[in-house]
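Comments concern the structure below.
Bear in mind these aren't lab numbers, they're just calculated from the coordinates by the rules spelled out. Since we're looking at a predicted model, the values are computed, not measured. A quick note on method: Cβ atoms are made from the backbone with ideal geometry, for glycine too, and the neighbour counts reach across all protein chains shown.
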Amino acid sequence: EELLMVGLGVLLYHHERRVVAPSLLRDYIAHCLRAFPANAMLFDSLIQLEEKHGMPLRVREAFDIMWQVPVGSDPTTPGPPPGVVLLMAAFEIRRGTPTRACAVLERALQRRETRQSAVLWRSYMDALCEDGRPDAAKRAFYRGISACPWSKGL
């Protein structure tokens, strides 16, 4: 995994200097994500590349693939780690689609592994407010308190 990340760094360096075509970089990131689908740094590199070239569909496809791959301690429950979920939600908000961001966060909060993540609950409430649904944000706040009673950050 570290060797692939070093290779990505070299390609990004050359891409910034316009030596490497975006398609080559995109193919390399896709190859790396197939090998390590839960790597947040690889996913962030894909987001940055596709935002620069205006291709959100590829990011959404890569994120959907992560839902099919088992991650974490329970191999029967697929899904991306919280860091990747937050990157995807931030990507959707920057694209001007807070409703999609809410859907991404809601889906992640239904999983047992991420249900007790106060950061995801807080992001979900912020996305609901951004989407203009304060009543839904209030309901999410109460759900978040029941899922994370120890958290003062909610």
Quiz item: To the nearest 10 degrees, how steep is helix 98-109 against the longest Cα principal axis of the chain, on a 0 to 90 scale?
Solution: 80
Exercise. For helix 2-16, report the angle its Cα long axis makes with the longest principal axis of the Cα atoms of the chain; keep it between 0 and 90° and round to the nearest 10°.
Key: 70
Quiz item: Residue farthest toward the positive end of the dipole of the chain, with Cβ of Lys/Arg at +1 and Asp/Glu at -1: which of Gln116, Gln48, Val85?
Solution: Gln116
Quiz prompt | Three-way shape label, the range 69-153, alpha-carbon gyration tensor, a/c 1.5 | solution = oblate
Quiz item: Under the Karplus relation 6.51 cos²θ - 1.76 cosθ + 1.60, θ = phi - 60°, what is the ordered set of whole-Hz ³J(HN,Hα) values for the range 128-136, x standing for Gly and Pro?
Solution: 5, 5, 4, 7, x, 10, x, 5, 5
Practice problem: Please get the size of the charge dipole for the range 1-55, origin at its Cα centre, with Cβ charges of +1 on Lys and Arg and -1 on Asp and Glu, quoted in debye to the nearest 20. | Solution: 200
Self-check item: Top of Val119, Val104, Val19 by mean-square fluctuation, Gaussian network on the chain, Cα under 10 Å
Solution: Val19
Quiz prompt | Under the Karplus curve 6.51 cos²θ - 1.76 cosθ + 1.60, θ = phi - 60°, whole-Hz ³J(HN,Hα) for the range 50-57, x wherever Gly or Pro sits | solution = 6, 5, 5, 9, x, 10, x, 4
Quiz item: How big is the Kirkwood radius of the chain, worked out from every pair of different alpha carbons and given in Å to one decimal?
Solution: 16.5
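First check a/c for the range 1-55, with a ≥ b ≥ c the square roots of the eigenvalues of its C-alpha gyration tensor; if it is under 1.5, answer rounded, and if not, answer prolate when a/b is larger than b/c or oblate otherwise.
Since a/c reaches 1.5 but b/c is at least a/b, the shape of the range 1-55 is classed as oblate.
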Quiz item: For the range 11-154, with only Lys/Arg (+1) and Asp/Glu (-1) charged at the beta-carbon, what is the dipole magnitude about the Cα centre, in debye rounded to 20?
Solution: 200
Quiz item: When you count, for each residue, the other Cβ atoms within 10 Å and take the mean per peptide, how do 129-142, 81-94 rank with the highest first?
Solution: 81-94, 129-142
Quiz item: For the peptides 50-57, 105-112, what is the packing order when you average, over each peptide's residues, the other Cβ atoms within 10 Å and list the highest mean first?
Solution: 105-112, 50-57
Quiz item: Mean separation of Cα pairs under 8 Å and 6+ residues apart, divided by the residue count of the chain: what relative contact order is that in percent?
Solution: 13
Quiz item: Which ³J(HN,Hα) values in Hz, rounded to whole numbers, follow from the phi angles of the range 79-96 under the Karplus curve 6.51 cos²θ - 1.76 cosθ + 1.60, where θ = phi - 60° and Gly and Pro get x?
Solution: x, x, x, x, x, 5, 4, 5, 4, 5, 5, 5, 4, 5, 5, 5, 6, x
Self-check item: Helical contribution to [θ] at 222 nm, DSSP H n ≥ 4, -39,500 (n - 2.57), averaged over the chain, rounded to 500
Solution: -22000 deg cm²/dmol
Practice problem: Might you report the magnitude of the Cβ-based charge dipole of the range 69-153 about its Cα centre, with Lys and Arg at +1 and Asp and Glu at -1, to the nearest 20 debye? | Solution: 120
